[in-house]
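Below you'll find the structure, written out as structure tokens, and then a few comments.
The values are calculated or read from the model by the stated rules, or taken from the named source; none is laboratory data. Note that the coordinates shown come from a computational prediction; the quantities given were computed from them, not determined experimentally. Quick reminder, even Gly has a Cβ in these numbers, built from the backbone with ideal geometry, and neighbours come from all protein chains shown.
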Amino acid sequence: MTKVLIIDDEPALRFAVQEALEAHGLDVIAAETATAALGMLDDADVVVSDYMMPDMDGMQVLERAHASRSGRDGHQDDRYPGCCARTVSSTCMPSMSGIM
């Protein structure tokens, strides 16, 4: 079964995304901070991350996920494809509001 790691510092958004994915039969683990999520990367097949978080942004998390997956045995791991999913919250810049 596909395991999804949700990373969002806003509890209501994290819970809503987790509930929606679990309702579709996915196995979900969640982290409140990017730092906490780094320790969960090995358990996840897919990462869905908020973009703006206090400890590091979502792109930095995905870059670390890619780095941790490549080079272990000389082969690139296909998990965490080059796609960034992000949740949009009230803290996002107004110029991003039309993206989603």
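So the values come out like this:
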quantity: Considering residues of the range 36-58 that are assigned to a loop (DSSP other than H, G, I, E, B), touching a strand residue (DSSP E or B) at 6+ places or on another chain (Cβ under 9 Å) and among the hydrophobic types (A, V, I, L, M, F, W, C) only, the residue surrounded by the fewest Cβ atoms within 10 Å (Cβ to Cβ); calculated: M40
quantity: Set A85, A30: member being outside any strand (DSSP E or B), on the phi < 0 side of the Ramachandran plot and either within 13 Å of the chain's Cα centre (by Cα) or at pLDDT below 85 (or both); calculated: A85
quantity: Subset of the range 1-50 that is charged (D, E, K, R) and in contact (Cβ under 8 Å) with a residue 60 or more places away in the chain - its residue that is nearest to A65 (Cα to Cα); calculated: D8
